[in-house]
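Trainee: Handing you this structure, nothing more for now.
The values are calculated or read from the model by the stated rules, or taken from the named source; none is laboratory data. Quick caveat: nothing in here was measured; it's all calculated off a predicted structure. We place every Cβ from the backbone using ideal geometry, glycine too, and count neighbours over all the protein chains shown. All accessible areas refer to the heavy atoms of the entire protein, side chains included, with ligands and DNA or RNA removed. Shrake-Rupley method; radii C 1.70, N 1.55, O 1.52, S 1.80 Å.
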Amino acid sequence: RKLSPAFHQALLSFCRMSADSRLGSEVSRIADSEKSVMLMLGRCLPHIVPNVLLAKREELIPLILCTACLHPEPKERDQLLHILFNLIKRPDDEQRQMILTGCVAFARHVGPTRVEAELLPQCWEQINHKYPERRLLVAESCGALAPYLPKEIRSSLVLSMLQQMLMEDKADLVREAVIKSLGIIMGYIDDPDKYQQGFELLLSALGDPSERVVSATHQVFLPAYAAWTTELGNLQFHLIPTLLNKIEKLLREGEHGLDEHKLHMYLSALQSLIPSLFALVLQNAPFTSKAKLQGEVPQIEVTRFPRPVSPLQDVAIIIGSREQLAVLLQLYDYQLEHEGTTGWETLLWVVNQLLPQLIEIVGKINVASTACVHEFSRFFWRLCRTFGKIFTNTKVKPQFQEILRLSEENIDSTAGNGVLTKATVPIYATGVLTCYIQEEDRKLLVGFLEDVMTMLSLSHAPLDSLKASFVELGANPAYHELLLTVLWYGVVHTSALVRCTAARMFELLVKGVHETLVAQRVVPALITLSSDPEISVRIATIPAFGTIMETVTQRELLERVKMQLASFLEDPQYQDQHSLHTEIIKTFGRVGPNAEPRFRDEFVIPHLLKLALVNNQQSVDSKRLDIATHLFEAYSALSCCFISEDLMVNHFLPGLKSLRTDMEHLSPEHEVILSSMIKECEQKVENKTVQEPQGSMSIAASLVSEDTKTKFLNKMGQLTTSGAMLANVFQRKK
């Protein structure tokens with residue numbers, strides 16, 4: 001064609017093209033090399049990102065990362081990484097994972113120096129971001145990038161960032177992520193100077209108010225820190241002794257009130273260190289060099305170890321593999337059984353230092369604190385199960401037995417059995433003797449509890465340690481039969497003191513035991529004791545009978561118990577038994593509000609009236625006041641129940657009036673309250689008669705007017721009535 005160039009250009013001008021805008025110039029200039037592609041992406045991405053839907057922005061992550069990796073200009077790379085960390089306003093879990101995966105790929109590609117120079121500043125910038133999701137991204141990045149950072153940065157800048165977030169961040173989720181990242185840092189750190197800082201972080205983490213953070217500490221941070229501590233040789237020489245000393249200090253300071261939260265914190269940390277300690281013992285044993293994987297590897301029983309709370313607390317994972325652990329375990333059992341512990345320093349430390357210190361600590365905790373007894377019991381159970389049966393039988397049990405020294409000669413020497421009243425008893429029974437449950441183990445537990453029951457009874461010692469053992473074991477139905485066997489030994493014992501103890505212990509068992517067992521084993525035993533030659537034994541059965549009335553639903557069983565209680569109340573031989581009457585009144589006050597209404601209306605309230613009338617005739621003032629005070633408590637407790645008009649007029653009011661007669665002489669403060677109670681009851685009866693002749697009412701409801709309640713409570717507060725009883729007065733039965 002022979003068109004003039006001017007014509008040609010004029011003709012093409014009719015094709016609409018735009019080269020004078022930013023985008024136009026990008027479009028009209030196609031990249032012709034890898035470098036120019038990178039430069040083009042670096043120029044275009046900042047304009048693309050804001051125009052992509054938020055929900056779809058993660059699709060851009062590969063492009064952003066690839067460009068940030070390969071772009072020659074540091075300033076552009078910085079802008080792209082800034083875009084990456086700000087890509088999504090509030091990235092959810094999945095989106096954060098995607099960004100982190102990208103960051104790790106970037107780190108692998110560019111090496112430690114650029115990760116430090118380019119990625120870390122992006123994290124630092126967002127450490128105080130207003131959205132927790134962004135701060136989460138920072139916390140998670142610190143852990144994910146740890147393997148790819150220069151080691152001196154890991155143990156300085158990154159550790160400081162995480163420490164700041166742990167101390168300052170208000171969001172539980174962020175602190176949880178911080179703890180997991182700290183755990184990863186602990187797996188890479190190799191600057192021994194940071195050991196103490198790690199320990200302080202560990203204590204902060206264990207004391208965190210959030211359950212999530214504490215849980216992450218046990219699952220990740222603590223085992224990772226323990227692994228480093230083991231490498232440094234500090235597990236047996238710093239970490240465990242320091243935690244033990246902190247527990248001892250708590251117990252020394254806690255004579256007027258123990259900080260149970262802190263005790264739990266330190267003890268649970270020690271419990272989480274048991275697998276690391278056992279691994280250390282196996283890896284530093286006389287046989288470790290012989291542990292070669294050859295031929296058939298023995299199987300480890302599924303129940304050999306307690307279930308670990310995380311893979312990092314699994315002994316097999318700490319050691320390296322299940323096969324290696326199996327070989328070591330076989331050699332370990334053989335060594336303990338046949339060759340002894342000479343020269344085995346790590347195990348001797350456990351036997352000669354750790355166990356004696358733990359047993360001494362156990363002797364100092366309050367036996368009445370169910371929570372502490374339970375915690376230490378679980379701790380010993382885990383320790384014994386981890387170190388195995390031979391170790392428990394040859395190293396743990398003898399140390400407890402040496403201290404508890406159960407022998408008949410010790411009955412009168414207080415030195416010999418002061419320890420029997422301490423928490424050592426329930427912790428040995430429930431933490432050590434329950435570890436293994438073959439027949440011989442159960443026999444040992446039964447024999448131990450029988451001996452403790454006998455010794456405590458014969459030396460007139462408090463029964464708290466025996467009760468604590470029963471409460472802890474009774475929580476598990478598997479032990480109910482065993483506990484009943486122990487009590488039956490007490491029922492048929494030659495000493496009335498032991499029979500009395502058995503009678504009292506039944507009360508603890510009734511609430512947790514199945515009704516069938518109550519009918520077959522508990523009631524027959526109590527009936528046997530209730531016709532004991534010794535009156536003290538008969539009286540000791542009353543609280544247990546009361547508890548049965550409160551908890552059992554079988555009609556036939558309730559009738560048997562009611563007949564027994566009736567015989568105590570109506571048999572002439574008991575009419576002067578002051579201690580029997582106080583025990584019955586106390587029991588009525590305790591179980592009356594929760595017992596079956598028919599039992600309360602037909603039995604408890606009428607008998608309280610009879611007891612009140614008899615007490616009016618009592619000539620010994622001290623006995624009269626004692627019974628009157630117990631009656632006052634019982635009536636206060638029962639006033640929260642609904643009482644029919646007939647019962648109110650014929651039994652409840654006469655009982656209160658009779659009681660008032662005693663109090664007029666003996667305790668004017670009580671008399672004032674009784675008068676106000678009587679007045680309220682009488683008004684209620686009158687109002688009922690006017691409004692609706694039939695019906696029932698509650699005195700508690702009648703005591704609700706504010707000034708009466710205030711007067712009533714003020715008076716109550718001045719008396720020696722128990723707090724629980726007072727609380728009951730204004731509580732309707734649910």
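Trainee: Between GLN330 and ASP93, what FRET efficiency comes out of the Förster formula 1/(1 + (r/R0)^6) with R0 = 51 Å and r the beta carbon distance, rounded to 0.05?
Mentor: Efficiency for this residue pair is about 0.70.
Trainee: Further question: Compute the helix-to-body angle for 159-168: its Cα long axis versus the longest principal axis of the chain, expressed 0 to 90° and rounded to tens.
Mentor: Between the helix axis and the principal axis of the chain, the angle is about 40 degrees.
Trainee: With label points built 7 Å along Cα→Cβ from the Cα atoms of THR303 and SER369, find their separation and express it in nm.
Mentor: The two pseudo-label positions are separated by 3.2 nm.
Trainee: Then there's this: Taking C-beta distances below 4.7 angstrom as the pairing criterion, name the unpartnered cysteines of the chain, in sequence order.
Mentor: Lacking a cysteine Cβ partner under 4.7 Å: CYS15, CYS44, CYS66, CYS69, CYS103, CYS123, CYS142, CYS372, CYS500, CYS640, CYS641, CYS681.
Trainee: If you don't mind, there's one more thing I want to ask. What is the extension gain from LEU60 to GLU360, computed as 0.36 nm multiplied by their sequence separation minus the C-alpha to C-alpha distance, in nm to one decimal?
Mentor: Full extension of this stretch gives 101.7 nm more.
Trainee: Let me ask another. So for region 154-220, averaging the separation of alpha carbon pairs under 8 Å that are six or more residues apart and normalising by length, what relative contact order in percent results?
Mentor: Once divided by the residue count of region 154-220, the mean separation gives 39 percent.
Trainee: Helix 653-666 versus the longest principal axis of the chain: what is the Cα-based angle in degrees, 0 to 90, to the nearest 10?
Mentor: 80
Trainee: Quick check: net charge around ALA216, other residues with Cβ under 14 Å of its Cβ, Lys/Arg +1 and Asp/Glu -1?
Mentor: Local net charge: -3.
Trainee: Using Cα pairs closer than 8 Å and at least 6 residues apart in sequence, work out the relative contact order for region 401-531, in percent.
Mentor: Computed over region 401-531, the figure is 22 percent.
Trainee: Suppose we look only past 23 Å in the calculated P(r) of region 51-154. What percent of the Cα-Cα pairs does that tail hold?
Mentor: Summing the P(r) of region 51-154 above 23 Å gives 19 percent of all pairs.
Trainee: If amide H atoms are built 1.01 Å from N in the plane of the peptide, which residues on other chains or at least 5 residues away come under 5 Å of the amide H of PHE642?
Mentor: LYS733
Trainee: State the label only: which of (1) 27.5; (2) 36.2; (3) 32.4 corresponds to Kirkwood radius over Cα pairs in Å computed from the shown model?
Mentor: So the calculated entry is the one marked (3).
Trainee: Tell me, what HN-Hα J-couplings in whole Hz come from the Karplus equation 6.51 cos²θ - 1.76 cosθ + 1.60 at θ = phi - 60° for each residue of region 592-600, using x for Gly and Pro?
Mentor: Listing the rounded values in order: x, x, 9, 6, 4, x, 5, 4, 5 Hz.
Trainee: With n ≥ 4 as the cut-off for DSSP H runs, can you work out [θ] at 222 nm for the chain, using -39500 (n - 2.57) per run divided by the number of residues, rounded to the nearest 500?
Mentor: Here the helix-only value at 222 nm equals -19000 deg cm²/dmol.
Trainee: Also: Calculate, for GLU152 and GLU200, the FRET efficiency according to 1/(1 + (r/R0)^6) with r their C-beta to C-beta distance and R0 22 Å; round to the nearest 0.05.
Mentor: Once rounded, the FRET efficiency stands at 0.60.
Trainee: Label points 7 Å out from Cα along the Cβ direction at GLN9 and LYS688: separation in nm?
Mentor: In this crude label model, GLN9 to LYS688 measures out at 11.5 nm.
Trainee: For a quick protection proxy, order the peptides 532-540, 278-286 by their average other-Cβ count within 10 Å, most packed first.
Mentor: 278-286, 532-540
Trainee: On the accessible surface of region 606-651, probed at 1.4 Å, how many percent belong to carbon and sulfur atoms?
Mentor: Using a 1.4 Å probe with all protein chains present, region 606-651 comes out at 57 percent carbon and sulfur.
Trainee: Less than 14 Å Cβ to Cβ from PHE470, Lys/Arg counted +1 and Asp/Glu -1: what total charge do the surrounding residues give?
Mentor: Result for the neighbourhood of PHE470: -2.
Trainee: Leaving out ligands, DNA and RNA, and with a 1.4 Å probe, what % of the accessible surface on region 250-403 is carbon or sulfur?
Mentor: The value for region 250-403 is 50 percent carbon and sulfur by accessible area.
Trainee: Using a Förster distance of 41 angstrom, determine the FRET efficiency expected from the C-beta separation of MET563 and ASP441, and round it to 0.05.
Mentor: 0.50
Trainee: Next question, about the same structure. With the other protein chains left in place, how much accessible area per residue, in square angstrom, belongs to region 64-150 at a 1.4 angstrom probe?
Mentor: 43
Trainee: Another one. Residue farthest toward the positive end of the dipole of region 207-305, with Cβ of Lys/Arg at +1 and Asp/Glu at -1: which of LEU258, VAL213, GLN283?
Mentor: It is GLN283, whose Cα lies furthest towards the positive end.
Trainee: A further question on this structure: Karplus couplings for region 321-333 from phi (6.51 cos²θ - 1.76 cosθ + 1.60, θ = phi - 60°), rounded to Hz, Gly and Pro as x?
Mentor: Once rounded to whole Hz, the list reads 6, 5, 5, 4, 5, 4, 5, 4, 4, 4, 5, 4, 4.
Trainee: Report, to the nearest 10°, how far helix 542-551 tilts away from the longest principal axis of the Cα atoms in the chain, using its own Cα long axis and a range of 0 to 90°.
Mentor: Tilt relative to the chain: about 50 degrees.
Trainee: While we're here: Roughly speaking, to the nearest percent, how much of region 1-150's 1.4 Å accessible area is carbon and sulfur?
Mentor: It is 59 percent, rounded to a whole number.
Trainee: Turning to a different aspect of this structure: Determine the sum of side-chain charges near VAL425: Lys and Arg each +1, Asp and Glu each -1, restricted to other residues whose C-beta is under 11 angstrom from that of VAL425.
Mentor: Taking every other residue near VAL425 into account, the sum is -1.
Trainee: In region 1-67, with Lys and Arg counted as +1 and Asp and Glu as -1 at Cβ, which of these residues, SER25, GLN9, VAL52, has the Cα nearest the positive end of the dipole, that is, farthest along it?
Mentor: GLN9
Trainee: Mind listing the phi-derived Karplus ³J(HN,Hα) values for region 64-73, rounded to whole Hz, using 6.51, -1.76 and 1.60 with θ = phi - 60°, and x for any glycine or proline?
Mentor: These are the phi-based 3J(HN,Hα) values: 4, 5, 4, 5, 5, 5, 9, 5, x, 8 Hz.
Trainee: Enter the accessible area per residue of region 292-412 (Å², integer; probe 1.4 Å; all protein chains in place).
Mentor: 52
Trainee: Below 8 Å between Cα atoms, with a sequence gap of 6+, how large is the relative contact order for the chain in percent?
Mentor: The value is 5 percent.
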